[in-house]
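See below for the structure under consideration.
Taken together, the values in this text are just the output of simple stated rules run on the coordinates, not laboratory data. Not measured: the values here are computed from a predicted model. All Cβ positions, even for glycine, are placed from backbone atoms using ideal geometry, and neighbour counts span all protein chains on display.
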Amino acid sequence: MTQAALNGFSHHIMNRWRQLQLSAMDCPEFIPLAWTETESSKMVELAESNYALLSTRRTTRHFSSKSVDKKLVELAILSGSTAPNGAHLQPWTWVAISSHDLKQQIRDAAEAEERKTYEERMPDAWSEVLAPLGTDAVKAHLTDAPWIVVLFKQKKRMRTNGVWGPTYYATESCGIAAGMFIQAVHNMGLVTLTHTPSPMGFLRDILKRPAHEEAMLVMPVGYPAEDAMVPDIQRKGLDEVAVFIE
Ligand code: IYR
């Protein structure tokens, strides 16, 4: 046998061994999909009512301090956590805060960063598109709302062998989870706002999260203030957002 053939052979043996190890390790178990067919006449009705519900969702900066039952926040988090995600690693941690002291600490730190962003860091190209939305460095919603939920993305995971490994598509997974959380909050008759203080490192420190977790979104949850306002803006139509190729 030539040296090249020997190398090829040992490579083949190594690969086979690896395959055997893998199949012994994760021998997947499957169960039947729980699914009941929806009558086709009902499907359009359901699709329309879901769209109608989502169309009424608005992001407001004006929250009431009226309290919200913890159970509702738990259900919103559970709903968000049903999101499809990379390799089913569920790479998220939701930190839900109702402590006024902690909300104040988060608000103070967020406003300090946001003041720098709005006053020094924000280029014209950015501020010109934010101006119509009326955002600024004052983040009263962080103390007005009864709850703030901070979504942390897990960048790594501990493998069963005790060695750190990556998570996969954690940003996409957490983005989808946040969307489902927002939908759940809206569906239960509450409002939320996707706040993205930048940089967000202070959230890990204040909330004592480990280094492999990175804050992605801060979402106050509550009732809207009685005089809550929203910008007068329209959503793009289907022909502006979609292309169908049939
Ligand atoms: N993070 C800042 C700025 C901001 C940026 C975008 I893009 C928005 O849609 C809204 C705000 C803030 O939260 O104010």
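Count the net charge of all other residues whose Cβ sits under 15 Å from the Cβ of Lys208, scoring Lys and Arg as +1 and Asp and Glu as -1. Here the charged neighbours net out to -2.
Count Lys and Arg as plus one, Asp and Glu as minus one, and take only other residues whose Cβ is under 9 Å from that of Phe152; the net charge is then +1. Quick one: Debye curve from the C-alpha atoms of region 62-207, no solvent, what's log10 I(q)/I(0) at q = 0.14, 0.19 Å⁻¹? The computed values of log10 I(q)/I(0) come out as -0.79, -1.26. Rounded to the nearest 20, the size of the Cβ-charge dipole of the chain about its Cα centre is 1100 debye, with Lys and Arg at +1 and Asp and Glu at -1.
Sorted on the mean count of surrounding Cβ atoms within 10 Å across their residues, most packed first, peptides 194-207, 213-226 read 213-226, 194-207.
Just checking the listed ones, Lys236, Lys71, Lys42: in the Gaussian network model of the chain with Cα springs under 10 Å, the one fluctuating most is Lys236. If you wrap the tightest convex hull around every Cα atom of region 24-125 and split its volume per residue, you get 277 Å³. Spin-label model, Asp101/Leu133: points 7 Å from Cα along the beta carbon direction are separated by 3.3 nm.
Of the peptides 155-166, 77-88, 27-38, 174-185, the order by per-residue mean of other Cβ atoms within 10 Å, starting with the highest, comes out as 174-185, 77-88, 155-166, 27-38. Across the chain, C-alpha contacts under 8 Å between residues 6 or more apart give a mean separation that, scaled by the residue count, equals a relative contact order of 29 percent. Under the convention that each Lys and Arg Cβ holds +1 and each Asp and Glu Cβ holds -1, the size of the dipole of region 102-246 around its Cα centre is about 1040 debye. Provide, for q = 0.12 Å⁻¹, the log10 of I(q)/I(0) from a solvent-free Debye sum over equal Cα point scatterers in region 125-188. Log-scaled intensity ratios, in q order: -0.57.
If we count every other residue with Cβ under 11 angstrom of Arg235's Cβ, Lys/Arg +1 and Asp/Glu -1, where does the sum land?
Neighbour charge sum, excluding Arg235 itself: +2.
A Förster radius of 35 Å, combined with the Cβ-Cβ distance separating Phe30 from Val163, puts the computed FRET efficiency at roughly 0.80. Cross-link reach is defined here as a Cα-Cα straight distance under 12 Å, omitting same-chain residues fewer than 8 places apart; for Lys116 the aspartates and glutamates meeting it are Asp136. For Lys156, the residues 5 or more places off, or on other chains, whose built amide H falls under 5 Å of its own are Thr167. Of the three principal axes defined by the Cα atoms of the chain, the extents in descending order read 83, 52, 40 Å. Packing here is the average count of other Cβ atoms within 10 Å per residue, and on that basis the peptides 101-110, 124-133, 53-62, highest first, run 101-110, 53-62, 124-133.
Our helix-only sum for the chain, with -39,500 (n - 2.57) per DSSP H run of n ≥ 4 divided by its residues, gives a mean residue ellipticity at 222 nm of -13500 deg cm²/dmol.
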